[in-house]
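Some notes on the structure that comes next.
The values are calculated or read from the model by the stated rules, or taken from the named source; none is laboratory data. Since the model is a prediction, treat every value here as computed from it, not as a measurement. Virtual Cβ from ideal backbone geometry, glycine too; neighbours counted across all protein chains shown.
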Amino acid sequence: MTSQASPRLSVVIPAHNGERYLEECAASVLGQDFTDLELILVDDASSDATRDVIGRLAAADPRVRPVLLDENQGTLGARQAGVAASRGAYVTLVDQDDELAPGALAKVMAHAGEADIVHFGVCVEPEGEAAQSAAAGMEGFLTPVARRLEGKEILRVQFSEQGNFDWHVHHKLYDGDLARRAWGMSAKTRLLLSDDIYLCMILDSLAGSYVGLGDAPWYVYHLGRGETLGARETLDALRRTSERELKGWHLMRDFARDHASDLPRDDWSERVADARDRIYENVSNEMIDGLPAAELPQAVDMLLSQWPADAVAGELWRYVRDRAYERFDRHVEPTRGDSLDQVLTLARRADALVAPGESSERYRQMKGVAQTHLRELAERHPDQAEWLANAPAGSGSPSRAGGASGMLRRLLGRLSR
């Protein structure tokens with residue numbers, strides 16, 4: 001049974017209006033064969049019966065510790081409160097509508113002490129047709145590579161272009177002192193959507209070691225609960241998404257600046273740039289995959305008012321790259337007014353605002369490869385060369401375009417919400 005003074009493990013579940021699934025989620029923790037734990041249930045000022053559910057659970061099991069917030073704090077604040085209340089030698093987090101697989105805690109606790117961060121995998125349980133089509137790809141994205149990373153290498157790999165690992169705070173086991181220090185250092189502000197990636201930067205910068213478990217699908221992610229997948233994006237929704245993501249990036253940038261002396265590393269600017277690229281990639285996926293073509297020019301103008309021009313242009317060049325390569329690979333002739341022409345027009349429009357000498361490596365890479373594919377298309381279809389080849393020689397070399405489908409791209413970007 002759990003020691004009242006110091007349980008071996010603290011499981012933190014923040015909840016807001018979670019009465020529908022919270023009891024099921026908590027039962028998946030309390031029913032584990034590993035029992036030396038405390039379950040911290042945070043009610044983030046819910047307006048439904050969440051607090052009553054927590055009260056019933058606490059009355060039935062002394063391992064349940066309620067943390068009741070009188071004012072809604074948002075995801076970051078609720079997690080801060082839960083982690084601050086934890087007493088365990090190790091800490092893990094679960095979202096209110098997810099579960100842990102039977103035996104999950106005994107399995108992951110067998111790896112406790114191997115690293116400051118132990119990263120295990122996810123089993124995606126889709127709910128609805130749209131979720132079903134994306135489940136397999138999402139499981140792949142959320143399955144860590146079996147490897148060990150040390151020191152500064154953790155943050156370098158986390159947000160890298162290739163070989164990165166997902167930036168979600170759940171399905172990871174943390175050294176308890178590391179978790180409490182990381183959430184304690186995070187900003188006391190309301191933050192939604194991008195709090196996972198923000199905390200990952202802090203955790204990675206503090207951790208001395210990381211282990212990924214390659215075949216460990218012990219966290220059950222219920223895809224499709226609480227949101228309508230496949231719904232059409234709107235400009236207002238995109239603006240809110242962008243503002244939330246932008247706030248997260250600004251907090252990451254501020255953290256790197258404020259801790260440059262006590263957490264010294266010579267690549268802080270590169271790590272912040274990598275994080276920005278990963279964040280804005282999600283925003284651009286929401287725009288391109290979710291909005292009708294007629295609204296894209298207005299959306300690009302809105303994003304250019306919020307984000308650096310090279311971030312916006314770089315992601316538009318990514319879509320030019322993909323669509324140009326697809327036509328070249330499938331021997332499809334491009335035409336004026338098609339989806340390639342539309343996104344190329346937007347990319348050139350954003351490109352005109354990129355200041356010389358202030359562009360990121362990702363921007364230069366995406367633009368260079370896109371221009372290579374455009375020239376290849378122009379050579380194959382000379383009657384279309386006039387509008388295709390309005391692209392000077394780029395620094396990129398030909399590369400096969402790839403990536404997830406539009407629906408999956410959007411879902412991967414939403415996992416932190």
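Picking from A136, A112, which residue would you name as being surrounded by fewer than 22 Cβ atoms within 10 Å (Cβ to Cβ), small (G, A, S), more than 16 Å from F255 (Cα to Cα) and modelled with pLDDT of 95 or more?
Just a single option satisfies the conditions, and that option is A112.
Is there any pair with a first residue in region 295-321 that is crowded, with 22+ Cβ neighbours inside 10 Å and a second that is assigned to a helix (DSSP H, G or I) and among the acidic types (D, E) whose Cβ atoms are under 6 Å apart and which are 6 or more apart or on different chains, and what are they?
Pairs found: A313/D351.
Exactly one of (1) closer than 30 Å to G337 by Cα; (2) under 18 Å from the mean Cα position of the chain (by Cα) is unmet by G212. Its number?
(1)
Among (1) over 16 Å from the mean Cα position of the chain (by Cα); (2) of a type in the set (S, T, Y); (3) within 21 Å of S28 (Cβ to Cβ), which single condition is T143 missing?
Result: T143 passes all but (1).
Counting residues that are over 27 Å from M201 (Cα atoms), which helices (runs of 4 or more DSSP H) fully inside region 1-105 reach at least 3?
On the way: elements: 22-30, 50-60, 74-85.
Those helices (runs of 4 or more DSSP H) span 22-30, 50-60.
May I ask you to say which residue of E379, E358 is among the acidic types (D, E) and in a helix (DSSP H, G or I)?
Details: E358 fails: in a helix (DSSP H, G or I).
The match here is E379.
Out of all the residues in region 236-249, is one or more of a type in the set (F, W, Y), out of contact with any Leu (no Cβ under 9 Å at 6 or more places or on another chain) and assigned by TED's automatic domain parsing to the domain that holds V343?
Scanning region 236-249, I find at least one residue that is of a type in the set (F, W, Y), out of contact with any Leu (no Cβ under 9 Å at 6 or more places or on another chain) and assigned by TED's automatic domain parsing to the domain that holds V343, so the answer is yes.
Kindly provide the set of residues from region 285-310 that are over 15 Å from Q342 (Cα atoms) and within 17 Å of the chain's Cα centre (by Cα), ordered by number.
The answer is N285, E286.
Out of region 329-348, which residues are surrounded by fewer than 20 Cβ atoms within 10 Å (Cβ to Cβ) and in contact with an Asp or Glu (Cβ under 9 Å, 6 or more places away or on another chain)?
If the condition is that a residue be surrounded by fewer than 20 Cβ atoms within 10 Å (Cβ to Cβ) and in contact with an Asp or Glu (Cβ under 9 Å, 6 or more places away or on another chain), then V332, E333, T335 are the ones that fit.
For D266, only one of the following conditions fails: (1) under 22 Å from A187 (Cα atoms); (2) surrounded by fewer than 16 Cβ atoms within 10 Å (Cβ to Cβ); (3) without any contact (Cβ under 8 Å) to a residue 24 or more places away in the chain. What is its number?
(1)
Would you be able to tell me the number of residues in region 320-334 that are assigned to a helix (DSSP H, G or I) and of a type outside the set (D, E, K, R)? Give the steps one after another, and end with the answer.
Filtering region 320-334 down to residues assigned to a helix (DSSP H, G or I) leaves 320-330.
Going one step further and asking which of them are of a type outside the set (D, E, K, R), we end up with 320, 324-325, 328.
Qualifying residue count for the region: 4.
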